[in-house]
Amino acid sequence: MSRVKGLGNERTELALVKLFRRHKVRGWRRRFSLFGKPDFVFPRARVAVFVDGCFWHSCKEHGSLPHSNRAFWRAKLERNKARDLLVNRALGQRGWIVIRVWQHELTQSAGAACVTRIRKTLAECAGPRPRLPQFRKRSILLAVREDVVRSDRLADLLGTELLVPNSDPDATMVSVREALSHLPPVAAGDEHPKIPNHRTRTLSELNLKRLAAAKPGASNAYMEQTKFGDLSLDCHRKVNRRLRVRCFSDVYTRMHPDRPSPTITTKCHSISNGRFGHYDIRQMRGISLREAAVLQSFPTGYVFYPKDQIEPVARMIGNAVPPKLAAYFAEYLANSVEP
């Protein structure tokens, strides 16, 4: 048995090729240059398909351990399983979805179900991606019941760690300008009569002068030399001198129009708490609650109550998980469960 060679995989792959052609599945490529050397790749959907032989990958239904030289084969097959999990994890972290098809799934009776599973995954990957106009780091805990999780979503040998993407390479960047340009101007301390939550915080004369001198996307170093004189804060000057480095460089500044926004916090209405000044230099104000909600991916028609208050609404917006991000991971979780 030590002379057994894995020469049958070519015939197994051809069986899946026949199924793809019979069921008119398109968009796949073979011998695609990708880590793990998947047998089939759908580049546009970023789906990698591996056809696993029942013997070589230890199928639970048909896998077996040869009677002779058992120590050799046990170690060999365990290494194969470990590599499968390593490949799953590496591709998942790069934004690929991995599908593993067993050799016995390619029979005439089971083939249609196998193609249906692949098509379902392709359809899921063709859905909308979370396009958030915001730079944001989140720690997200996901869990699936051990008895129903799909084996190709496990990232470790013991089956205790769920494979979770940490980025979406297909999601395109959305800038602040792209996200907010449809909303009409409002003055500081004012609210729009028809758009709920499109209201802003009042600014002092000093802060109005600061915003008048602020350039979109720039640091607050401008405050030291404006046409109104030095508008920097005494406490900031003291800290900068003591540490010999500029601190709190984002407060009293404007967002960059052509980049995603900074993290939307519960103080997103206050320019003294971060880069929350409106990107348009013609508007002397911080962003409105509605604009903060849009940057968090809330629908324009979603209304926060009480509509006549700023602080409680800002807390709800800043503490929220962006809805599009939540939907993306909810769908990923749902698809991590065996049908």
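Since every read-out is calculated from the coordinates, none of them should be taken as a lab result. Just so we're clear, the structure is a prediction, and the values are computed from it rather than from any experiment. A quick note on method: Cβ atoms are made from the backbone with ideal geometry, for glycine too, and the neighbour counts reach across all protein chains shown.
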Residues 151, 232, 297 arranged by fewest to most Cβ contacts within 10 Å: 151, 232, 297
Quick calc, residue 137 & residue 44: beta-carbon distance into FRET formula, R0 30 Å, rounding 0.05, result 0.55
The answer for residue 52, listing residues at least 5 apart or on another chain whose modeled amide H is closer than 5 Å to its amide H, is 101, 102, 103
Length released on extending from residue 117 to residue 144, taking residue separation times 0.36 nm less the Cα-Cα span: 7.8 nm
Out of 202, 321, 111 - ranked by how far each Cα lies towards the positive end of the dipole of the chain, with unit charges on the beta-carbon of charged residues - the top one is 111
Residue 227: which lysines have alpha carbons under 23 Å from its alpha carbon, excluding same-chain residues fewer than 8 sequence positions away? 209, 215, 238
Mean Kyte-Doolittle of at least 0.0 and a Cα length of 27 Å or more along the axis: which whole DSSP H helices of the chain meet both? none
Compactness summary of region 173-322: radius of gyration and Dmax from Cα atoms, Å, are 15.3, 49
Relative contact order in percent for the chain (Cα pairs under 8 Å, 6+ apart) equals 15 percent
Residue 315 versus residue 110: modelled label distance in nm, points set 7 Å from Cα along the beta carbon direction: 5.6 nm
Which of 267/324; 37/76; 37/137; 37/81; 137/324 exceed 23 Å between C-alpha atoms? The answer is 37/137
What's the local net charge at residue 180, with K and R +1, D and E -1, over the other residues with C-beta under 13 Å away? +1
Amide hydrogen neighbours beyond the local backbone of residue 261, cut-off 5 Å, H modeled: 134, 135, 176
Estimated translational D of the chain in µm²/s (Stokes, Kirkwood radius over Cα pairs; 20 °C; 1.002 mPa s): 89 µm²/s
Choose one of 182, 16, 163: the residue whose Cα lies farthest towards the positive end of the charge dipole of the chain (beta-carbon charges +1 Lys, Arg; -1 Asp, Glu; about the Cα centre). 16
Residue span residue 21 to residue 224: 0.36 nm per residue of separation minus Cα-Cα distance leaves a gain in nm of 66.2 nm
Extended-chain gain in nm, criterion 0.36 nm per residue less alpha-carbon gap, residue 14 and residue 330: 110.2 nm
Computed from the beta carbon distance with a Förster radius of 35 Å, FRET efficiency for residue 307 and residue 208 to the nearest 0.05 stands at 0.90
Efficiency by 1/(1 + (r/R0)^6): what FRET value for residue 337 and residue 194, r their Cβ-Cβ distance, R0 = 45 Å, to the nearest 0.05? 0.55
